[in-house]
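S.K.: Before we start, here is the structure in question, set down as structure tokens.
The values are calculated or read from the model by the stated rules, or taken from the named source; none is laboratory data. Being a predicted model, the structure only gives us computed values, none of them experimental. No Cβ is skipped: glycine too gets one built from the backbone with ideal geometry, and neighbour counts run over all protein chains shown. Note: areas computed on protein heavy atoms with side chains; ligands, DNA, RNA excluded. Shrake-Rupley method; radii C 1.70, N 1.55, O 1.52, S 1.80 Å.
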Amino acid sequence: MKNTPAATDWAAYIRQMESVLALELDDIRRQELLVQFSRIAQMAQPLMDLPLDSRLEIAGVYRA
């Protein structure tokens with residue numbers, strides 16, 4: 001059985017990044033970012049769905 005990730009709330013992500021980066025975006029720019037993030041996620045989905053061989057090593061994770 002394949003686990004499917006929950007849908008990403010791109011609007012929430014954009015709001016959080018506005019706060020973290022101290023940006024003030026207007027509604028038009030915010031909406032365009034939402035469109036672009038949705039497009040990027042849609043284009044990346046086939047790659048994310050690609051099954052990996054269980055024998056492949058996972059990349060190391062850097063921790064500070």
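S.K.: State, to one decimal in nm, how far the label point of ASP53 lies from the label point of ASP9, with both points 7 Å from Cα in the Cβ direction.
M.R.: Label at ASP53, label at ASP9, 4.0 nm between them.
S.K.: Would you mind getting the accessible area per residue of the chain, heavy atoms of the protein chains only, 1.4 Å probe, in Å²?
M.R.: For the chain, the solvent-accessible area averages 100 Å² per residue.
S.K.: Just how large is the dipole of the chain about the Cα centre, in debye to the nearest 20, putting +1 at every Lys and Arg Cβ and -1 at every Asp and Glu Cβ?
M.R.: Dipole of the chain, to the nearest 20 debye: 200 debye.
S.K.: Quick check on packing: order 32-41, 19-28 by the mean number of other C-beta atoms within 10 Å, highest mean leading.
M.R.: Output ranking for 32-41, 19-28: 32-41, 19-28.
S.K.: Determine, from the Cβ-Cβ distance of GLN16 and ALA44 and an R0 of 22 Å, the FRET efficiency 1/(1 + (r/R0)^6), rounded to the nearest 0.05. Each step should come with its number before you reach the end.
M.R.: On the way: r = 20 Å, r/R0 = 0.90.
It comes to 0.65.
S.K.: Something else: Helix 27-49 against the longest principal axis of the chain: what's the angle in degrees, Cα atoms only, rounded to the nearest 10?
M.R.: 10
S.K.: If you don't mind, another one. For log10 I(q)/I(0) by the Debye sum over Cα atoms at q = 0.14, 0.20 Å⁻¹, several values are listed as [x] -0.52, -0.79; [y] -0.37, -0.78; [z] -0.65, -0.95; flag the one computed from this structure.
M.R.: So the calculated entry is the one marked [z].
S.K.: Here's a follow-up. Could you state the angle between the C-alpha long axis of helix 10-20 and the longest principal axis of the C-alpha atoms of the chain, as a value from 0 to 90 degrees rounded to the nearest 10?
M.R.: The helix 10-20 is inclined about 70 degrees to the chain.
S.K.: How much of the accessible area of the chain, in percent, comes from carbon and sulfur atoms when a 1.4 Å probe is used?
M.R.: Looking at the chain in its full context, I get 59 percent from C and S.
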